[in-house]
Amino acid sequence: MRLLKISREKAILFHHLMSYKLFDMYKIVKKELLTPIICLMEVQASRLAASAQPGQFLIVRVNDKSERIPLTICDFDREKGTVTIVTQIVGASSRKICNLNEGDSFVDVVGPLGQASEFIHSTDEEIKGKRFLFVAGGLGTAPVYPQVKYLHSKGASVDVIIGSKNVDMLIFEEQMKAVCDNLYICTDDGSKGEKGLVTDVIKKLISQGKQYDQAVAIGPMIMMKFVTLTMKDFGIPLIVSLNTLMVDGTGMCGACRVTVGGKMKFACVDGPEFDAYQVDFDEAMRRQTIYKDVEMEADHKCRIGLNS
Ligand code: FES
């Protein structure tokens, strides 16, 4: 038998690479179905967890052949070395992710990517006592959570409005309650909280004398557009997250281009968070529809064998 001779340095390097791979194999340590079509996963990714900040995202690949999917980091635990992601089944790729189970692993998890939320750069003194209003729509509730948690831990006063289609699509209610001052819920059908839109709740709170120094809205593009129009009337600074525009999250596909303040920006590199008053929402919404047909085609299972 021929023995493979390698130097001691190479052996040590190989050992390090193997232990790194074994340590960070992106194993799903927890999976929870939040609704029939939304799942939460806690993934082992210690290096990523060590440097993740609210507002950032990561990219996962289910296997060697699957596409790269950018997902917002919804929580991280530096001690356990895990990051939490939340996925809603909207097409073929998200379905593949949600089909994974506890004990399975992603082939790749890359991040943290994108710019962290602006308040990360503020001192604790600057944050303490500041009044924030977060407006979360649907799946946008998940990325709102780490921001609220961070600000609450720094002594800010944080109110949160969650808007959902109905009570069955409501996520993160208990988690959010634990880290905010006041939680307001509204649903389209009135099955939980107030019946109506998040903009109705905003108007109500302001008319009751609530004052905010800063607001953040994350959710469907149409919701963020109308929250922006509403907040503008009250002169409250507003940040929005354009994470739903991203396709590959690498800065190369160009799908997330958006005009902000008259300049072309990439949501995955320059964002995903931007000053809401500078965003061209109509252009962003047009861009979102471009990939819908491709995703629907990928999700379509031909029953007469044409794509087998
Ligand atoms: Fe592809 Fe930003 S998501 S360039």
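Some observations on this one:
- Treating each Cα of the chain as an identical point scatterer and summing with the Debye formula, the log10 of I(q)/I(0) at q = 0.07, 0.13, 0.15 Å⁻¹ comes to -0.30, -0.96, -1.25.
- Net charge of Cβ neighbours under 14 Å - reference K195; Lys, Arg +1; Asp, Glu -1: -1
- Modelled spin-label separation between N99 and E126, with each label point placed 7 Å from Cα along the Cα-to-Cβ direction: 4.7 nm.
- Estimated from helical segments only, the mean residue ellipticity of the chain at 222 nm is -9000 deg cm²/dmol, where each DSSP H run of four or more residues counts as -39500 (n - 2.57).
- Net length gained if the chain between A50 and K65 were fully extended (0.36 nm per residue, minus Cα distance): 2.6 nm
- As computed over region 18-133, the Cα convex hull volume per residue (Å³): 128 Å³
- Shape box of region 223-294 [Cα atoms, principal axes, largest first, Å]: 39, 24, 18
- Exposed loop sites are taken as trypsin sites (Lys or Arg not before Pro) in a DSSP loop (any state but H, G, I, E or B) with at most 14 other beta carbon atoms within 10 Å; the longest stretch of the chain without one runs 211-300.
- Straightening the chain between V167 and D200 buys 10.1 nm, computed as 0.36 nm per residue apart minus the Cα-Cα spacing.
- Cut-off 15 Å between beta-carbons: net charge of the residues surrounding D233, Lys and Arg +1, Asp and Glu -1: +4
- Sum of side-chain charges, L205 neighbourhood, beta-carbon under 13 Å (Lys, Arg +1; Asp, Glu -1): 0
Bear in mind that the values in this text are calculations on the coordinates, not laboratory data. Here the structure is a predicted model, which means the values were calculated and not measured. No Cβ is skipped: glycine too gets one built from the backbone with ideal geometry, and neighbour counts run over all protein chains shown.
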